[in-house]
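What follows is a single structure, written as structure tokens, with notes after it.
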Amino acid sequence: MSAFRLDNKVAVVTGGGSGIGQAIAVCFVERGATIRIVDLDEKAAQNTSERITQAGGSATAHICDVADPVETKAVFGEILEMSRVDILVNSAGISHVGRLENTSDEVFERIFRVNVQGTHNAMQQTIEAMVAQGGGVIINLASIAASAGLEDRYAYSMSKGAVRSMTYSVARDYLRHNVRCNAISPARVHTPFVEGFIKKNFPGKEAEAFAKFSAAQPIGRMAEPCEVAMLALYLCSDEASFITGTDYPLDGGFFNLHG
Ligand SMILES: NC(=O)c1ccc[n+]([C@@H]2O[C@H](COP(=O)([O-])OP(=O)(O)OC[C@H]3O[C@@H](n4cnc5c(N)ncnc54)[C@H](O)[C@@H]3O)[C@@H](O)[C@H]2O)c1
């Protein structure tokens, strides 16, 4: 099948060591792309990269805290010396449970720095090269939290709302440079992010919490990471060349099928 191919394209995937980012990296390689995994977790980044190369694909692992602008500049500089970058997927992100009154300044800032500034840093270090080469595609992982008013997700929701707005701005400002920029807003996806989050916040009640989070989607389950990857693949492929400045829900009916 010639549709939805990424042959000869190089994709950087932040957070590619785990969950959604990992699924996107593996899916893109299967469609012909070369992958640069950018992740804070060295072991996770190398695991994904080795998994890809052992299966005959092409991938490299790059250790980087995307919240740090200096480190991000250095790592993206190395990547751009190795090859062009056609696709940037920003999947690195962290979660937090809390309301306004129990979210400390430190936590608020950390969520902002990883989820918002991390996305900003990665886009900023890539955009010039994309413009110079005549185009590119950016996908940012937002969340239904950007617009749903989820309970106890004050700082996290703030960060994902910002990611969505940044996506629209970049899409607008780089339209004429042939850079497409879209967000994906999943409801709950069954990844280590969710497993860790349940373990930390619902000790001893993990099964109950898992069932509750599954039922939050009218479809009755969480999404699988590969389902997010298939939407990312479509949005990054040439078949989606008319699509920019959007935030795609992938929500198991969360927004429209309640009641
Ligand atoms: N899982 C969900 O239910 C869900 C739903 C909506 C949106 N999202 C978003 O999707 C993205 C991926 O989530 P996931 O579930 O795959 O998470 P995950 O925890 O499984 O993977 C996230 C990866 O990002 C890396 N990372 C974290 N902070 C980093 C930093 N500062 N610099 C570089 N790498 C860093 C981690 O090491 C990890 O490998 C996140 O942005 C998350 O907010 C997740």
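The values are calculated or read from the model by the stated rules, or taken from the named source; none is laboratory data. Keep in mind the model is a prediction, meaning the values are calculated, not measured. Neighbour counts run over all protein chains shown; Cβ positions are idealised from the backbone, glycine included.
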From (1) more than 10 Å from the ligand (Cβ to nearest atom); (2) touching a helix residue (DSSP H, G or I) at 6+ places or on another chain (Cβ under 9 Å); (3) modelled with pLDDT under 95, pick out the condition that doesn't hold for G259.
(2)
Residue by residue through segment 55-92, note down the ones that are buried (at least 20 other Cβ atoms within 10 Å of the Cβ), in contact with a strand residue (DSSP E or B) (Cβ under 9 Å, 6 or more places away or on another chain) and over 21 Å from G136 (Cβ atoms).
A61
Which ones in segment 164-183 are within 15 Å of the ligand (Cβ to nearest atom) and surrounded by 24 or more Cβ atoms within 10 Å (Cβ to Cβ)?
T167, N182, A183
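Answer yes if at least one residue in segment 93-108 is of a type outside the set (D, E) and surrounded by 24 or more Cβ atoms within 10 Å (Cβ to Cβ), and no otherwise. Show your work before the answer.
The first filter runs over segment 93-108 and keeps only residues of a type outside the set (D, E), leaving 93-100, 102-104, 107-108.
Now drop any that are not surrounded by 24 or more Cβ atoms within 10 Å (Cβ to Cβ), which leaves 93.
Checked segment 93-108: at least one residue is of a type outside the set (D, E) and surrounded by 24 or more Cβ atoms within 10 Å (Cβ to Cβ).
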Counted residues, segment 187-208 - those being more than 13 Å from the ligand (Cβ to nearest atom) and either of a type in the set (F, W, Y) or assigned to a helix (DSSP H, G or I) (or both)
5
In segment 147-163, residue surrounded by the fewest Cβ atoms within 10 Å (Cβ to Cβ) [restricted to those that are within 18 Å of A67 (Cα to Cα), within 11 Å of the ligand (Cβ to nearest atom) and not aromatic (F, W, Y)]
S157
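Residues of segment 157-181 being outside any helix (DSSP H, G or I) and touching a strand residue (DSSP E or B) at 6+ places or on another chain (Cβ under 6 Å), which ones?
Initially, segment 157-181 is screened for residues outside any helix (DSSP H, G or I), giving 174, 178-181.
Listed by number, the residues that qualify are V179, R180, C181.
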Report yes if some residue within segment 220-242 is surrounded by 15 or more Cβ atoms within 10 Å (Cβ to Cβ), in contact with a strand residue (DSSP E or B) (Cβ under 6 Å, 6 or more places away or on another chain), farther than 22 Å from A148 by Cα and touching a residue at least 24 places away in the same chain (Cβ under 8 Å); otherwise report no.
yes
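Grab the helices (runs of 4 or more DSSP H) fully contained in segment 29-118, keeping just those with 1 or more residues being under 29 Å from A132 (Cα atoms).
Working: elements: 42-54, 69-82, 105-111.
In segment 29-118, 42-54, 69-82 are the helices (runs of 4 or more DSSP H) which contain 1 or more residues that are under 29 Å from A132 (Cα atoms).
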Quick one: is I139 touching a Phe, Trp or Tyr at 6+ places or on another chain (Cβ under 9 Å) and within 12 Å of the ligand (Cβ to nearest atom)?
no
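For segment 95-126, name all the residues that are hydrophobic (A, V, I, L, M, F, W, C) and either more than 22 Å from S185 (Cα to Cα) or modelled with pLDDT under 95 (or both). Give the derivation first.
Within segment 95-126, the first condition is being hydrophobic (A, V, I, L, M, F, W, C), and the residues that meet it are 97, 100, 107-108, 111-112, 114, 116, 122-123.
Within segment 95-126, V97, L100, V107 meet the criteria.
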Listed by first then second residue, the pairs whose first member lies in segment 61-77 and is among the polar types (S, T, N, Q), whose partner is not in a helix (DSSP H, G or I), with beta carbons under 8 Å and at least 6 positions apart or on separate chains, are T72/C64; T72/D65; T72/V66
